[in-house]
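One structure below.
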Amino acid sequence: MELLRGQVLWFDGSPMNGNIEAAARHITHGAIAIDSGRILAVGEADTLAAQYPHAESFDYKDHLLTAGFVDAHVHYPQTAIIASWGKRLIDWLNTYTFPEEMRFGDADYAAEIAARYLDLALANGTTTVASYCTIHPESVDAIFEAAEARQMRIVAGKTCMDRNAPAGLCDTPQSAYDDSKRLLEKWHGKGRAHYAITPRFSPTSTPEQLEALGALWGEHPEVLMQTHLSEQVDEIAWVKTLFPDARDYLDTYEYFGLLKSGGLYGHAIHLEEREKSRLLEMDASLIHCPTSNTFIGSGLFDMKGLAADGHRIGLATDTGGGSNFSMLRTMAAAYEVGQLNGSPLHAAELYWLATAGSAKALHLDDKIGNIAPGMEADIIALDLASTPAIAQRSARAEDIWESLFATIMMGDDRAISDVWVSGQRRALT
Ligand code: GUN
Ligand code: ZN
């Protein structure tokens, strides 16, 4: 049993739409008791120290202990091409992404990048990701094996594409169904692994492939489904020409059984009214990827409007269309996008989105994304004075939010002073 001492931050509910006082909980001299990979108790340090006198103590002093970050949409195979210059979505895919993804038929290369990616994620305080793979089953085994070796809870799935991609990156409706089914049966529920059926996006799937994957999801409603939706205006116009009978972009998924709770829809920027109301009705998850949306030039996600309507929303890097591995930088970008939309998010809202909100978007909020008895012990220690620039601003802060906001806006992996995964302290690489 261990006792982690420090400042502690957690959430009793969602702070979105202004319920910050009711939702966010902060203790200056706090502690978290953990045992066998789970959180036993959270509270005042003195009280817990008296309650658990034999626990091994780790004193993080004024560092902030919170849940590890949950990154709800990434492409681990794009790790090595992150920050590639000058293209918008379709050109970016063709120029940088597809050639790199071709390499993942090589199991050794897939294993190398999967390990590199998860170590970068952990160094940035991210303890769970939902990742796309490539069309190659090897790429799926690689990320699940790398996560298993690190005891990380993870969501991943084989990316399915059978058109508008290089021949070496195309499967077929049948092979996409067969491979996804086999991988799902192999990995879903094994340790901390979750499978997500993964049609990349409707431009790279034929109607036959979408139908096959919709059928697979119908047969396995226990798994998640992840895809992209309405990221760029040009992409939406292309979808209209590829699916002339569809009412809108969402309908290309809905028609084939690919719209329901447990569906994760990345980007969701340029939504029509019908799409918004169907996504809400079905309790689908919208995944906001702000560094990607500015980096690829996609547009501004309507966080306040969609949150006010009650959508289930997660936050994500979208590595490597996103320009960073850090959820701190991603929160900063979400703040900046909010400013451009006329509605800046509070530090508590940003932090909730990066932890409990993303966990809820992945339907894992009963396990991860928060600090509470019974939750899995995926915990980070955040140094709120990790650089001279942050330290001098934090010194002026009048409360935890002002201090935390300086780290959100200016922090990076240097702010992550320690990471616990499944109750084990990780040596950061
Ligand atoms: N749409 C389809 N594939 C991708 C991808 O890999 N990244 C992003 N940002 N958008 C996509
Ligand atoms: Zn993506």
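FYI, it's all coordinate maths here, none of it is from the lab. Since we're looking at a predicted model, the values are computed, not measured. Note that each Cβ is placed from the backbone with ideal geometry, even for glycine, and that neighbours are counted across all protein chains shown.
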Estimate the FRET efficiency between residue 94 and residue 260 by the formula 1/(1 + (r/R0)^6), using the beta-carbon distance for r and 35 Å for R0, to the nearest 0.05.
0.65
If you count the DSSP beta bridges with both ends in the chain, what percent of them are antiparallel, to the nearest 5?
45 percent
If I stretch the segment between residue 398 and residue 19 completely, what's the gain in nm (0.36 nm per residue apart, minus their alpha carbon distance), one decimal?
134.4 nm
Report, in deg cm²/dmol and to the nearest 500, the calculated mean residue ellipticity at 222 nm for the chain, where each DSSP H run with n ≥ 4 adds -39500 (n - 2.57) and the sum is divided by the residue count.
-10000 deg cm²/dmol
Using only C-alpha positions, report the orientation-averaged shadow area of the convex hull of segment 337-429, nm², one decimal.
7.5 nm²
Students often forget the sequence filter, so: which aspartates and glutamates lie under 18 Å Cα-Cα from residue 61 once same-chain residues fewer than 8 apart are removed?
2, 44, 46, 383, 399, 418
Hull surface divided by four, with the convex hull built on the Cα atoms of the chain: how many nm²?
18.9 nm²
Say we join alpha carbon atoms closer than 10 Å with springs in a Gaussian network model of the chain; which of 342, 314, 322 then has the biggest fluctuation?
342
Could you calculate the FRET efficiency of residue 280 with residue 106 from 1/(1 + (r/R0)^6), where r is the beta carbon distance between them and R0 is 35 Å, rounded to 0.05?
0.25
Computed about the Cα centre, the charge dipole of the chain from +1 Lys/Arg and -1 Asp/Glu charges at the Cβ has a magnitude in debye, to the nearest 20, of 300 debye
Between residue 56 and residue 29, what is the FRET efficiency for a Förster distance of 22 Å, r being their Cβ-Cβ separation, to the nearest 0.05?
0.70
Along the three principal axes, how long is segment 179-296 when you take its alpha carbons, biggest first, rounded to the nearest angstrom?
39, 32, 26
Charge tally for neighbours of residue 58 with beta carbon under 11 Å away, counting Lys, Arg as +1 and Asp, Glu as -1, is -1
Setting aside same-chain residues fewer than 8 positions from residue 186, which lysines have a Cα under 28 Å from its Cα?
158, 260, 360, 367
